[in-house]
Amino acid sequence: MKILVDADACPVKDEIYKVAFRHGVPVTIVSNSPIRVPAHDLIDRVVVSDGFDAADDWIAERADAGAVCITADILLADRCLKAGAIVIAPNGKPFTLSSIGAAIATRAIMADLRAGGEQIGGPPPFGKTDRSRFLSALDEALVRGKRGR
């Protein structure tokens, strides 16, 4: 098992480290600019170019059935799911093969509304319940992944 993190805007990096240390699972933090990470044998930091989707491409190329990918990016989640990875959003909600199509469609509708000048709100503020849900989801994903799903 391994954890791949789309880290540039990830609000749960400390929670990822906590769960990874408990399970002894390596974590790769992928970003477009240097991010401080704990000095630990299980933590690796990869800084990719600032090219469009460079971090997404790096993660998608390494996603497989032994990976848990952490991202809020719906299109990256889709790529990782197709590669066989478990994918979890930072709010703890899992992306699945059965739910990703609706998420992509909703994303497209929202983009069309924004392009048309609609004033739409973003996601609700990130809170304690999101953090707690994420901890549970990541722990469960690692347990499931170790058992072979």
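Read the figures in this text as sums done on the coordinates, not as results from a lab. In this text, all values refer to a predicted model and were calculated from it rather than measured experimentally. Neighbour counts are summed over all protein chains in view; Cβ atoms, including those assigned to glycine, are modelled from backbone coordinates with ideal geometry.
Going by neighbour counts of Cβ atoms within 10 Å, the residues Val19, Val25 line up, fewest first, as Val25, Val19. Is the shape of segment 1-53 best called rounded, prolate or oblate, per the rule: a/c under 1.5 gives rounded, else a/b larger than b/c gives prolate, else oblate, with a ≥ b ≥ c the square roots of the Cα gyration tensor eigenvalues? Prolate is the answer for segment 1-53, as a/c is 1.5 or above and a/b outweighs b/c. The percentage of C-alpha pairs in the chain whose separation is greater than 26 Å is 23%. When shorter helices are ignored and each DSSP H run of at least 4 residues is given -39500 (n - 2.57), the per-residue value for the chain at 222 nm works out to -13500 deg cm²/dmol.
A simple count of charges around Asp44, restricted to other residues whose Cβ falls under 14 Å of its Cβ and scoring Lys, Arg +1 and Asp, Glu -1, yields +4.
3J(HN,Hα) along segment 14-28, derived from phi through the Karplus expression 6.51 cos²θ - 1.76 cosθ + 1.60 where θ = phi - 60°, amounts to 4, 5, 4, 4, 4, 5, 4, 4, 4, 8, x, 10, x, 10, 10 Hz, with x in place of Gly and Pro. Here the Karplus curve 6.51 cos²θ - 1.76 cosθ + 1.60, taken at θ = phi - 60°, turns the phi angles of segment 110-120 into couplings of 5, 5, 5, 5, 5, 5, x, x, 5, 8, 10 Hz, with x standing for Gly and Pro. Each label point was placed 7 Å from the Cα along the Cα-to-Cβ direction; for Ala9 and Glu140 their separation is 2.5 nm. The label point for Glu61 and the one for Arg147, both projected 7 Å from the Cα toward the Cβ, are 3.5 nm apart.
How much length, in nm to one decimal, is gained on full extension between Lys18 and Val47, taken as 0.36 nm per residue of separation minus their Cα-Cα distance? Can you show the working numbers first?
Working: separation 29, 0.36 × 29 = 10.44 nm, distance 2.18 nm.
Between Lys18 and Val47, full extension yields an extra 8.3 nm.
Straight Cα distances below 19 angstrom link Lys128 to the lysines Lys13, Lys18, Lys93, with same-chain residues fewer than 8 positions distant left out.
Figure the gain on full extension for Ala115 and Arg131 (residue separation times 0.36 nm, minus the Cα-Cα span) and round it to one decimal in nm.
Working: separation 16, 0.36 × 16 = 5.76 nm, distance 3.13 nm.
Using 0.36 nm per residue and subtracting the Cα-Cα distance, I get 2.6 nm.
For segment 2-146, the antiparallel share of DSSP beta bridges with both residues in that region comes to about 10%.
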